[in-house]
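Before any comments, here is the structure.
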Amino acid sequence: MLAIAAQINTSELGTNYFQETHPEHLFAQCSHYCATVTDAAQMPRLLEVAIRHAVSQRGVSVLIVPGDIALKEAPNPKPRLSFPEPTFSVWPSNTDLDRLADLLNSSEKVTILGGAGCADAHAELIALAKKLCAPIVHALRGKEYIEYDNPFDVGMTGLLGSPAGYRAIMACDTLLMVGTDFPYAQFYPEHAKIAQIDIRGEQIGRRCKIDLAVVGDAKTTLEKLLPKIQGGRATKHLTSSLEQHREDREDLDGQAPDHGLPGVIHPQHLTKVINEKASGDAIFTCDVRTPTVWAARYLTMNGRRRLVGSFCHGSMASALPQAIGAQLAYPDRQVIALCGDGGLAMCLGDLLSLRQLELPVKVIVYRNDALAFVEMEMKAAGILDFATDLVNPDFAMIGKASGLLAIKANETFEVEAAIEQALAYKGPAIVEVAVARQELSMPPTITFEQAKGMGIFMLKAVLSGRGNEVIDLAKTNFLH
Ligand SMILES: Cc1cc2nc3c(=O)[nH]c(=O)nc-3n(C[C@H](O)[C@H](O)[C@H](O)COP(=O)(O)OP(=O)(O)OC[C@H]3O[C@@H](n4cnc5c(N)ncnc54)[C@H](O)[C@@H]3O)c2cc1C
Ligand SMILES: Cc1ncc(C[n+]2csc(CCOP(=O)(O)OP(=O)(O)O)c2C)c(N)n1
């Protein structure tokens, strides 16, 4: 992305003039390159430097242009460079490849943890897993590239993960990380050997102790590694992980019933329906928090679908702006934004942009009338939840007034038709779904502290006259 930011005229800079800001400071932390054009003679060179940064680092460049400079003629307006997508291969030395092969060949139980860096290495990853009889766990940003057509897939680890992904990593004797920066230290094994392949050396060892660092791109490195790997090892580690994964999937599907108590729509069911009805090349965006949980667990990727969210930073309210960007970039694809009610409330004005720009984005609002995940975290910590209630507007009415097709679903049986109608509609649409507030999203393992915290919350709730919340919690999670 290239962003061009305006600046006041150079003659006024530094005087605290009307509308003076310091864009270099504002954008420094959220861009890969940020520079001010201070002389027309810098153009188009500076523009090209900015574009080169954005293309090479697949990130954001910001060029700041003061008004008076913007109005000047560039002495040499002709472009000097072209910007084809760079193609390159980075592979490790033979010594590092041999070390990695030795480590893997001497291990009985290998697990692979792959991430977004495996985007173009799907075939190589699977070929390696086959030779190693290794389960493949993926980090969330790798979901769209790794999960599909993958007989070795055992899901994710982390709080959003499942027992299979968690255990495959904890039980292995060697963990091979490929193109991932999975951040949560407590989900790495303590005693296994860990090797990490990453195209950027500085990424290696940021999250856990690494026994072998290998710098290279995933595709080329795995291609060169494969002939060095011996096959024929025991399959038990793989088969038990796959079996657990099958059970996990059954459990998750059981938590998404298509029937339910009156007024309790399970967000899992909603997401499952979206998954079934969405097109084969849909682009999904999801808000932090619970929409991210349900997207990770109930959306199926197929190599063509995309899943985008604020996964690295975890900022609320990204789904709608990201959907707008995605729809502008891919006008012919279906774009579906899974929004939290707290998240959507933060960017309601963007609903107007959908009509203004004629973007047929489908906005699904998970209306649980709460900052629900934060509320759940409070409960797990034994805190009586506080200040997490949301007094929501009628999102569908706001959507309607903004020129969107607006639909509401308040009961489970209404969900399917609502999603079908929205997806079939040619223009922008909003579907407001009243989902269960007290839905627990269970992590793959529950610590003693979390269980104790939940117990303390329940006790505090009953003692302070909020016992009905405990009953709601039980009804939502255990009685379906
Ligand atoms: C509410 C919330 C909860 C979350 N919970 C979880 C969770 O439970 N589990 C989970 O997994 N995630 C979770 N996440 C996401 C998490 O924060 C990380 O963003 C995610 O795990 C990182 O995924 P990644 O390693 O695939 O991608 P990145 O962090 O982008 O790492 C990719 C790595 O690949 C490298 N790379 C790039 N190209 C190549 C190449 N060609 N070859 C080799 N290397 C390459 C990069 O240098 C980088 O180090 C959560 C996020 C949110 C918002
Ligand atoms: C900009 C920003 N502010 C605050 C937070 C902390 N935070 C994370 S999730 C969350 C609540 C999200 O509420 P909502 O969008 O309704 O989703 P829900 O958890 O209810 O599904 C908050 C306050 C954040 N991540 N980003």
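Only residues that are crowded, with 18+ Cβ neighbours inside 10 Å and either assigned to a loop (DSSP other than H, G, I, E, B) or aliphatic (A, V, I, L, M) (or both) were counted across region 179-198, and they come to 9. All of (1) in contact (Cβ under 8 Å) with a residue 40 or more places away in the chain; (2) farther than 29 Å from Arg289 by Cβ hold for Pro227 with one exception: (1).
Between Ala40, Ala28, Ala70, Ala54, which is in contact with a Ser or Thr (Cβ under 6 Å, 6 or more places away or on another chain) and more than 30 Å from Leu225 (Cα to Cα)?
Testing whether each residue is in contact with a Ser or Thr (Cβ under 6 Å, 6 or more places away or on another chain) and more than 30 Å from Leu225 (Cα to Cα) leaves just Ala54.
In the condition set (1) within 19 Å of Leu404 (Cβ to Cβ); (2) within 16 Å of ligand 1 (Cβ to nearest atom); (3) not acidic (Asp, Glu), Leu357 is compliant with all but (2). Do we have any residue at all in region 333-343 that's assigned by TED's automatic domain parsing to the domain that holds Glu375, in a strand (DSSP E or B), within 16 Å of ligand 1 (Cβ to nearest atom) and touching a Cys at 6+ places or on another chain (Cβ under 7 Å)? Among the residues of region 333-343, at least one is assigned by TED's automatic domain parsing to the domain that holds Glu375, in a strand (DSSP E or B), within 16 Å of ligand 1 (Cβ to nearest atom) and touching a Cys at 6+ places or on another chain (Cβ under 7 Å), which makes the answer yes. Answer yes if at least one residue in region 134-148 is touching a residue at least 60 places away in the same chain (Cβ under 8 Å) and within 13 Å of Val110 (Cβ to Cβ), and no otherwise. Yes: one or more hits. Is at least one residue of region 124-138 within 16 Å of ligand 2 (Cβ to nearest atom), surrounded by 19 or more Cβ atoms within 10 Å (Cβ to Cβ) and at pLDDT 95 or above? No.
With respect to Asn105, determine if the residue is away from ligand 1 (no atom under 14 Å from the Cβ) and free of Cβ contacts under 8 Å to residues at least 24 places away in the same chain. The answer is no for Asn105. Restricting attention to region 345-383, the residues that are within 14 Å of ligand 2 (Cβ to nearest atom), outside any helix (DSSP H, G or I) and buried (at least 20 other Cβ atoms within 10 Å of the Cβ) add up to 8. Going through (1) surrounded by 21 or more Cβ atoms within 10 Å (Cβ to Cβ); (2) over 27 Å from Gln255 (Cα atoms) one by one, Asp332 falls short only on (1). In region 445-459, the residues that are at pLDDT 70 or above form Cβ pairs under 7 Å with partners that are among the hydroxyl-bearing types (Ser, Thr, Tyr), at six or more places apart or across chains, as follows: Thr445/Tyr166. Among (1) under 23 Å from Tyr145 (Cα atoms); (2) at pLDDT 95 or above; (3) surrounded by fewer than 19 Cβ atoms within 10 Å (Cβ to Cβ), which single condition is Ala326 missing? So the condition that Ala326 fails would be (3).
Within region 1-33, the set of residues being assigned to a strand (DSSP E or B) and either without any contact (Cβ under 8 Å) to a residue 40 or more places away in the chain or at positive phi (or both) comprises Tyr33 only. Screening Ser310 with (1) over 23 Å from Tyr145 (Cα atoms); (2) within 12 Å of ligand 2 (Cβ to nearest atom) gives one miss only, at (1).
Among the conditions (1) surrounded by fewer than 20 Cβ atoms within 10 Å (Cβ to Cβ); (2) at pLDDT 95 or above; (3) over 26 Å from the mean Cα position of the chain (by Cα); (4) of a type outside the set (Phe, Trp, Tyr), the only one that Ser107 does not satisfy is (1).
Every residue, every condition in (1) within 19 Å of the chain's Cα centre (by Cα); (2) of a type in the set (A, V, I, L, M), yes or no:
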position	(1), (2)
Lys131	no, no
Arg141	yes, no
Pro151	no, no
Met156	yes, yes
Ile197	no, yes
Lys209	no, no
Val214	no, yes
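Okay, residues lined up against (1) in a loop (DSSP other than H, G, I, E, B); (2) among the aromatic types (Phe, Trp, Tyr); (3) touching a strand residue (DSSP E or B) at 6+ places or on another chain (Cβ under 7 Å):
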{"position": "Gly260", "(1), (2), (3)": "yes, no, no"}
{"position": "Leu270", "(1), (2), (3)": "no, no, yes"}
{"position": "Asn275", "(1), (2), (3)": "no, no, no"}
{"position": "Gly280", "(1), (2), (3)": "yes, no, no"}
{"position": "Phe284", "(1), (2), (3)": "no, yes, yes"}
{"position": "Pro291", "(1), (2), (3)": "no, no, yes"}
{"position": "Ala296", "(1), (2), (3)": "no, no, yes"}
{"position": "Thr300", "(1), (2), (3)": "yes, no, no"}
{"position": "Gly303", "(1), (2), (3)": "yes, no, no"}
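For region 154-170, a residue qualifies if it is surrounded by fewer than 24 Cβ atoms within 10 Å (Cβ to Cβ) and either within 16 Å of ligand 2 (Cβ to nearest atom) or not in a helix (DSSP H, G or I) (or both), and the qualifying residues are Gly158, Leu159, Leu160. Within region 306-332, the set of residues being more than 13 Å from ligand 1 (Cβ to nearest atom) and within 18 Å of the chain's Cα centre (by Cα) comprises Arg306, Leu320, Pro321, Ala323, Ile324, Gly325, Ala326, Gln327.
The values are calculated or read from the model by the stated rules, or taken from the named source; none is laboratory data. Nothing here was measured: the structure is a model prediction, and the numbers come from that model. Here Cβ is always computed from backbone atoms with ideal geometry, including for glycine, and neighbour counts include all displayed protein chains.
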